[in-house]
Ligand SMILES: Nc1ncnc2c1ncn2[C@@H]1O[C@H](COP(=O)(O)OP(=O)(O)OP(=O)(O)O)[C@@H](O)[C@H]1O
Ligand SMILES: [Mg+2]
């Protein structure tokens, strides 16, 4: 069997403006099927705008994008069947129990045996014990897990997670990360947006940085770290963190990776 799968997501020269505000100015990237791709960017960089375009909620001005092989503008219904979107703000109904929330989504999607689907997802997200409690009583992490579980009803091959851990405490973030990793291990393609560099570092197979309307870097964590030399302090090598790389790339003061070579000044390679 050959494993030359088409990219699950392909974005070419996408632009989007809101009146005079040119948010996306030629965005290009591909996401391999079954991988986790992190889109990093500051507030207002255009991450949500891009996710909305890829999930057919918004039309690009120019450029093309395909998701699961379907063009977002000419085959939006096929794209919608292929994806789920967990937005920046949770879609959980607080008055319903966790189980009822899941059953509701399964019914809305006309799936067979909604109760069995709900129970399977509750178990997968360690929510079985809390399943019959109102979602309004859940902790932030539980609520976010339920939100992601709801988006997985029907097992879409491509999942968009827009800032999945914003506002969560460290423990809850780790729970969500585990969930995301398990999903990818099961073959789901995941595009997540985040402002948390450690989140991208923890989760992503590839990381792209969206800045001033374009993807200014796109690579594995190791590739991005190579943009900055390791700084040597006495006998200890300090590898640059993704945060160092990010700030060197988008920072207004020390603007480029080239300039970022060592205040300490010592060569290591
Ligand atoms: N419907 C709209 N009308 C006008 N401006 C918009 C609209 N949607 C987004 N914008 C603007 O486009 C820019 C990008 O917004 P977007 O929400 O995509 O950023 P983001 O990277 O998701 O930011 P955050 O990290 O804060 O979620 C912002 O300046 C925002 O105000
Ligand atoms: Mg956003």
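Worth a mention:
- With the simple spin-label model, which puts each label point 7 Å out from Cα in the Cβ direction, the residue 20 to residue 174 separation comes to 4.9 nm.
- P(r) tail for region 134-246: Cα pairs beyond 18 Å make up 57% of the total.
- Beta bridges by DSSP in the chain, antiparallel share as percent, to the nearest 5: 55 percent
- If you look at the Cα atoms of the chain, you get an Rg and a Dmax of 20.0, 64 Å.
- Theoretical FRET efficiency, 1/(1+(r/R0)^6), r = Cβ-Cβ of residue 116 and residue 201, R0 35 Å, to 0.05: 0.40
- Distance between modelled label sites at residue 28 and residue 139, nm, 7 Å Cα→Cβ extension: 4.5 nm
- Beta bridges by DSSP in region 65-210, antiparallel share as percent, to the nearest 5: 25 percent
- Most mobile of 119, 205, 20 in a GNM of the chain (Cα contacts under 10 Å): 20
- Over 23 Å [Cα-Cα, region 1-108], rounded percent: 38 percent
- Among 97, 137, 66: highest mean-square fluctuation, GNM of the chain, C-alpha pairs under 10 Å: 137
- FRET efficiency, 1/(1 + (r/R0)^6) with R0 35 Å, evaluated for residue 81 and residue 226 via beta carbons: 0.35
- Taking only Cα atoms of region 58-200, radius of gyration then Dmax in Å: 15.4, 48
- When you restrict to C-alpha pairs under 8 Å that are six or more residues apart and normalise by the size of region 108-242, the relative contact order lands at 16 percent.
- Pair residue 109, residue 91: separation of 7 Å Cα→Cβ label points (nm): 0.9 nm
- Region 42-85, relative contact order in percent, only Cα pairs under 8 angstrom and at least six apart counted: 31 percent
- Extension gain for residue 182 to residue 58 (0.36 nm times residue separation, less C-alpha to C-alpha distance): 41.7 nm.
- Mean-square fluctuations from a GNM of the chain, with a 10 angstrom spring cutoff on Cα atoms, peak among 130, 38, 60 at 130.
- Gap separating the Cα centres of region 1-73 and region 150-171, nearest whole Å: 18 Å
- Enclosing the Cα atoms of region 104-170 in their convex hull gives a volume equal to 102 cubic angstrom per residue.
- Using the Cβ-Cβ distance between residue 126 and residue 12 with R0 set to 45 Å, the FRET efficiency works out to roughly 0.70.
Taken together, the values in this text are just the output of simple stated rules run on the coordinates, not laboratory data. Keep in mind that what you see is a predicted model, and the values were worked out from it rather than measured. Don't worry about glycine lacking a Cβ; one is built from the backbone with ideal geometry, like all the others, and counts go over all protein chains shown.
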